[in-house]
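Undergrad: The structure is given below, and queries will be raised subsequently.
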Amino acid sequence: MILYIAELHNRMLQFQNISGLPDEVLAQTYGLKDKAGWSLTTARKRVQADGNPQSKIHPILYRPFDVRFIFYHEAVIERPRPEVMRHMLAGKNLGLLVMRQVALDEDYTHALVTPYIIDNRVFASAKGIALECPLYLYPSTTAPEMFQQSKTPNLAKGLLPKLSAAYGFILTPEEILTYIYAVLYSPPYRARYADVGANHDSPLRPFRQMAALGQELIDLHLLRKTVQVAGVRYQGQGSDTIERVRYEAATGQVWINQDKYFENITPETWSYRIGGYQVLEKYLKDRKGRALTDPIRYLHIAEAIAQTIAHQVQLNALYEAVEMAVMVPESNRDSPVPTLWLEGGDAA
């Protein structure tokens with residue numbers, strides 16, 4: 001049940017059988033079928049017995065920048081992955097999203113960050129499903145003796161001391177995340193960092209520059225920071241219903257119907273991909289037939305992508321000045337993702 005919030009509430013009421021809707025009618029309406037280990041009748045009874053099913057409604061990152069809502073209840077989610085997702089629900093957190101493998105014909109653009117649980121197809125790769133790596137791990141409320149007793153950073157053992165010794169200052173978990181995020185968005189990310197330079201400058205400076213750019217990217221991708229890209233506007237008169245999405249490269253216009261359009265979207269911004277999705281196109285096409293109620297959000301997404309492209313130009317040069325040997329062991333320099341990092345798991 002990954003839906004817009006109003007639709008999710010309506011479907012929950014039907015699923016709870018508030019109005020006496022028979023199982024067979026509900027099954028036919030939503031294409032639900034019993035299978036091994038799951039039956040609609042049993043699932044409805046479990047939801048009805050829940051004292052507070054509304055508390056199981058949570059935001060979920062469905063696709064890049066596309067936040068929807070899910071009824072995250074064990075009676076209706078086939079693979080809820082609570083061993084990972086519970087940490088994203090227990091308190092303030094950030095999850096780093098990556099892929100272990102991508103298809104040979106795909107560039108590695110499979111990195112994102114979110115404060116929410118995620119859909120396993122958030123990247124749409126042919127080689128598997130997304131992994132979410134929580135920055136912090138929270139104690140279990142149901143079996144506290146089986147897990148850590150307090151909120152702890154989800155970092156590989158020995159990582160903080162190793163990096164703190166290498167750079168000469170005490171690092172925070174957030175700085176590790178911002179640095180990794182910058183690396184994952186660096187166009188020349190490859191086997192190892194180039195030499196720092198003939199002047200023997202300390203690696204402290206490039207680390208902090210990378211981390212600062214990583215923080216900028218995180219803020220952009222969480223839409224915490226909005227910047228005005230020159231001329232990007234929502235124009236036209238008439239309906240906001242998305243009927244047919246088309247992009248005109250010559251004018252930089254993204255049309256949602258015959259009357260309304262976004263202007264000054266560059267071809268690079270329009271074609272920008274995260275995972276298997278062309279972000280700006282996917283966001284609109286997933287809403288075809290619906291009114292675009294959040295044009296300002298779409299403008300902010302376009303601005304975030306434009307700024308990401310600009311930051312990647314800076315990362316392209318800065319990456320060459322950073323000592324990769326601190327982060328990536330010699331034995332694993334062919335991996336597309338840094339080795340010493342957060343532990344994670346696949347999504348529901």
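Undergrad: Suppose we filter segment 64-74 for residues that are surrounded by fewer than 20 Cβ atoms within 10 Å (Cβ to Cβ) and either more than 16 Å from the chain's Cα centre (by Cα) or not basic (Lys, Arg) (or both); how many remain? Before you say what the answer is, go through the steps one by one.
TA: Here is the first cut: in segment 64-74, the residues surrounded by fewer than 20 Cβ atoms within 10 Å (Cβ to Cβ) are 66-68, 73-74.
Restricting the remaining residues to those that are either more than 16 Å from the chain's Cα centre (by Cα) or not basic (Lys, Arg) (or both) gives 66-67, 73-74.
Result for segment 64-74: 4.
Undergrad: Among the residues of segment 175-184, is any in contact with a helix residue (DSSP H, G or I) (Cβ under 9 Å, 6 or more places away or on another chain), under 20 Å from residue 111 (Cβ atoms), open to solvent by 20 Å² or more (accessible area, probe 1.4 Å) and modelled with pLDDT under 85?
TA: no
Undergrad: Might you check whether a residue that is farther than 24 Å from residue 118 by Cα and open to solvent by 40 Å² or more (accessible area, probe 1.4 Å) occurs anywhere in segment 2-13? Give the steps one after another, and end with the answer.
TA: At the first step, the residues of segment 2-13 found to be farther than 24 Å from residue 118 by Cα are none.
No: zero hits.
Undergrad: Taking only segment 71-99 into account, find how many residues are in contact (Cβ under 8 Å) with a residue 12 or more places away in the chain and under 17 Å from residue 134 (Cβ atoms).
TA: 20
Undergrad: Among the residues of segment 108-124, which ones are in contact (Cβ under 8 Å) with a residue 60 or more places away in the chain and crowded, with 21+ Cβ neighbours inside 10 Å?
TA: 110, 111, 112, 113, 114, 117, 118, 122, 123
Here's the yes/no breakdown for (1) in a loop (DSSP other than H, G, I, E, B); (2) crowded, with 23+ Cβ neighbours inside 10 Å:
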| position | (1), (2) |
| --- | --- |
| 62 | no, no |
| 77 | yes, no |
| 85 | no, yes |
| 100 | yes, no |
| 132 | no, yes |
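Undergrad: Now a separate question. Which of the residues spanning segment 30-39 are within 31 Å of the chain's Cα centre (by Cα) and either within 16 Å of residue 13 (Cβ to Cβ) or surrounded by 10 or more Cβ atoms within 10 Å (Cβ to Cβ) (or both)?
TA: Across segment 30-39, the qualifying residues are 30, 32, 38.
Undergrad: Within segment 243-280, restricting attention to residues that are hydrophobic (A, V, I, L, M, F, W, C) and part of a loop (DSSP other than H, G, I, E, B), which residue is most open to solvent (accessible area, probe 1.4 Å)?
TA: 250
Undergrad: Could you please find all residues in segment 224-236 being in a loop (DSSP other than H, G, I, E, B) and modelled with pLDDT of 95 or more?
TA: Quick first cut of segment 224-236, residues in a loop (DSSP other than H, G, I, E, B) only: 224-232, 236.
Residue satisfying the conditions is 236 alone.
Undergrad: I would also like to ask the following. Against the definition (modelled with pLDDT under 75 and not charged (D, E, K, R)), how does residue 196 come out, yes or no? First the steps, then the outcome.
TA: Numbers: modelled with pLDDT under 75: yes; not charged (D, E, K, R): yes.
Judged against the criteria, residue 196 is a match.
The values are calculated or read from the model by the stated rules, or taken from the named source; none is laboratory data. Remember, predicted model here, so these are calculated numbers, not experimental data. As a convention, Cβ positions derive from the backbone with ideal geometry for all residues, glycine included, and neighbour counts pool all protein chains shown. These accessible areas exclude ligands, DNA and RNA; they are computed on the full protein's heavy atoms, side chains included. Shrake-Rupley method; radii C 1.70, N 1.55, O 1.52, S 1.80 Å.
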